[in-house]
Amino acid sequence: MPPRFLSFAFLALAAFIAVSSIASASDFTPEQRKEIEAIIGDYLKNHPDVLIDAVQGADDKMKADEKDKSAQALAEHRQAVFDDPQSPVAGNPQGDVTLVEFFDYRCPYCKQVEPSLEKIIGDDHGLRFVYKEFPVLGPESETAAHAALAARQQGKYDAFHRAMMNTPGHFDEAVIYKVAASVGLDVDRLKQDMKSPGVDKELKANLDLGTQLDLSGTPSFIVGDTIIPGAISGDALKQLIATARGKP
């Protein structure tokens, strides 16, 4: 699209908005307003590609701005994302690449990608995996996240996490504690540990961090300098890990 057409489109849209917002006391008579509106309307009707290109350009700019904003937020909060000592870690603690997941136990998409994640963690011995409990789907999610972090006190975080991710459908507190018992947790002790200020502090930190990174849902992954919102295939995730590792 030639630049002059784009320029005209923007000018036309600006003029149309301006004309439409002018009060009756403006310098334009009603006849003049109708004539201007007709000219602009006819041009846009006969050249719809101009408007489409203008809208697409604005959309591309908005996406680029959002990407820049996310990159800046990640740079500012990198330590909290990748190296918070309170966040559970799987895989190789000394791995050369770190993959972070923000998740919710009630999220069906988190459960959908879980088998691929477990395989990647098992196969890639250079991968460090960081769990970010991110309970955004209601009270049951919050209870499950509290239970998961409290399970660390009994050395059962990984077992409880996998069991919860493999629990189908919705669940209530009774199911959470049943799952806890099934992986060998002392449920009475677990309930006491769930009240720990440290657990509350960790969950609040994760929720605040998600807000700072503008994460809109679960799952959300972070690897290298890339934030991936939403579910992703195992192959695509492996490619992003390889890219972060500096391989083609």
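Only the coordinates and a few stated rules stand behind these numbers; no lab work does. Since the model is a prediction, treat every value here as computed from it, not as a measurement. Note that each Cβ is placed from the backbone with ideal geometry, even for glycine, and that neighbours are counted across all protein chains shown.
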- prompt: How many residues, within the stretch 164-175, are surrounded by fewer than 17 Cβ atoms within 10 Å (Cβ to Cβ) and either of a type outside the set (D, E, K, R) or free of Cβ contacts under 8 Å to residues at least 12 places away in the same chain (or both)?
  reply: 6
field: Residue that is hydrophobic (A, V, I, L, M, F, W, C) and more than 22 Å from the chain's Cα centre (by Cα), where the choices are 129, 134, 102, 160
entry: 160
query: If you check every pair at least six apart or on different chains, which have Cβ atoms under 7 Å apart with a residue in the stretch 219-233 that is of a type in the set (A, V, I, L, M, F, W, C) first and a residue that is assigned to a loop (DSSP other than H, G, I, E, B) second?
result: 221/232; 227/213; 231/219
Extreme residue, farthest from residue 142 (Cα to Cα), among residues of the stretch 201-248 that are outside any strand (DSSP E or B) and among the polar types (S, T, N, Q): 243
- prompt: When residue 116 is evaluated against the numbered criteria (1) closer than 20 Å to residue 167 by Cα; (2) within 16 Å of the chain's Cα centre (by Cα), which criterion, by number, is the only one it fails?
  reply: (2)
